[in-house]
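First comes the structure, then the notes that go with it.
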Amino acid sequence: MTHDPKEQKFIDKRQHQRFNAELPVAFMLGEVVASESAYLNNISAGGVSFNSMVELAPGTILMLHFPVSKPVFRTLARVMRCRKMAFQYEIGAEFVEDDQVFHQRMVDVVRRIEDYHQEAQRTGREVSAQQATLEWIERFGKDFLGRK
């Protein structure tokens, strides 16, 4: 049996489990807000994937803000990939800081907000991802984030 390198399958080298999320995220390049309309595709303790109207070169350092209107989490991330799609770019970024406890906590909060958003939709409430985020923070944020 011969081995054809063209048939080699992609090996996923990710170390962290990814969780789907469709929540808004903002990112800054230096002191400039580059986007307030990006949406997470997924998140893990090692990084995020999000869609952006702005093309970002691999190696670019970003400051991610989640959620957009009342940032609860801010963390540095490095763009690892930027894939052109029809009208936007899919960005893959890894967290720069090595604080696994913080990143796991961020993943937990994002998952809880996403669950809240989906439950609201299942019950027939028309609620945007941004509105669900703000509601969740208002209702449960102090328990999970230590805020009043």
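The values are calculated or read from the model by the stated rules, or taken from the named source; none is laboratory data. This is a predicted model, so every value here is computed, not measured. Neighbour counts are summed over all protein chains in view; Cβ atoms, including those assigned to glycine, are modelled from backbone coordinates with ideal geometry.
Below is a table of values for the structure above.
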| item | result |
| --- | --- |
| Checking GLU90 against (1) in contact with a Lys or Arg (Cβ under 7 Å, 6 or more places away or on another chain); (2) of a type in the set (Asp, Glu); (3) at pLDDT below 85, the condition it does not meet | (3) |
| Some residue of the range 111-127 being farther than 17 Å from MET63 by Cα, buried (at least 18 other Cβ atoms within 10 Å of the Cβ) and under 13 Å from the mean Cα position of the chain (by Cα) | yes |
| Selection count, the range 115-138, where residues are in contact with a helix residue (DSSP H, G or I) (Cβ under 8 Å, 6 or more places away or on another chain) and modelled with pLDDT of 85 or more | 7 |
| Identity of the residue in the range 103-130, outside any helix (DSSP H, G or I) and not hydroxyl-bearing (Ser, Thr, Tyr), that ends up nearest to ASN20 (Cα to Cα) | VAL127 |
| Scope the range 52-102; condition farther than 30 Å from LYS142 by Cβ, out of contact with any strand residue (DSSP E or B) (no Cβ under 6 Å at 6 or more places or on another chain) and part of a loop (DSSP other than H, G, I, E, B); matching residues | MET53, ALA57, GLY59, MET85, ALA86, PHE87 |
| Flag for VAL101 being at pLDDT below 90 and closer than 18 Å to ASN41 by Cα | no |
